[in-house]
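One structure below.
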Amino acid sequence: MNEKILAFMEDMQSNDASRIANWFGEDSVLWIPPAAPVTGYLRIKALFRAMFSRYEFLKWDIVDILPVSENRCIHICESSGKLKGCEAYRNRVITDIVFDEEGKIASLSDYFKDTAIFCKRS
């Protein structure tokens, strides 16, 4: 499980929507608040493309990976970023990930410590 999470997070650090989307299939569900859940490879790819276009920079540092079952884990990250037109921020993110039998992400849901950062303007 740790290897999958480390590989996925390496792809996330690339900020490349196509590279990240390869982790998802047509039945995958991605939920990154404050946006609504998104289903399917193409929609997930579009969400990441739109998300990355809003940032000057965005990165994650893994704090811990906690296996829940053979196909599911929780991982904790310190995220840092700067939305265009906003102040830079740091935030704690807890992510719940479930992998399917092919190793694709079946579901991913993020939980943010501080959601107010998405509304701050510099």
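The values are calculated or read from the model by the stated rules, or taken from the named source; none is laboratory data. Since the model is a prediction, treat every value here as computed from it, not as a measurement. Every residue, glycine among them, receives a Cβ derived from its backbone with ideal geometry; neighbour counts consider all protein chains shown. The area values use the complete protein model at the heavy-atom level, side chains included, leaving out ligands, DNA and RNA. Shrake-Rupley method; radii C 1.70, N 1.55, O 1.52, S 1.80 Å.
Taking the square roots of five times each eigenvalue of the Cα gyration tensor of the chain, the equivalent ellipsoid has semi-axes of 23, 16, 12 Å, listed largest first. Note on GLU3 and SER80: the extension gain reaches 25.5 nm, defined as 0.36 nm multiplied by sequence separation minus the Cα-Cα distance. With all protein chains kept in place, the per residue accessible area of the chain amounts to 56 square angstrom at a probe of 1.4 angstrom. Here the accessible area of the range 21-122 is 55 percent carbon and sulfur, with a 1.4 angstrom probe and all protein chains present. With a cut-off of 16 Å on the backbone N, the residues of the range 76-91 near the modelled label site 7 Å out from LEU66 along Cα-Cβ are 76-78. Ellipsoid fit via the Cα gyration tensor, the range 18-74: semi-axes of 21, 17, 11 Å, each the root of five times an eigenvalue, largest first.
Work out which GluC sites (Glu not before Pro) in the chain are exposed loop sites (DSSP not H, G, I, E or B, at most 11 other Cβ within 10 Å) and give the longest gap free of them. Here the longest segment lacking exposed loop sites spans 1-69. Loop sites by DSSP among the trypsin sites (Lys or Arg not before Pro) of the chain, restricted to those with at most 14 other Cβ atoms within 10 angstrom, leave 1-53 as the longest stretch without any of them. A crude spin-label estimate for the pair ARG90 and LYS59, with each label 7 Å from Cα along the Cβ direction, gives 1.3 nm. With the helix formula -39500 (n - 2.57) applied to DSSP H stretches of n ≥ 4, the chain reaches a computed 222 nm mean residue ellipticity of -7000 deg cm²/dmol.
Annotation for the range 48-74 versus the range 5-26: alpha-carbon center distance of 9 Å.
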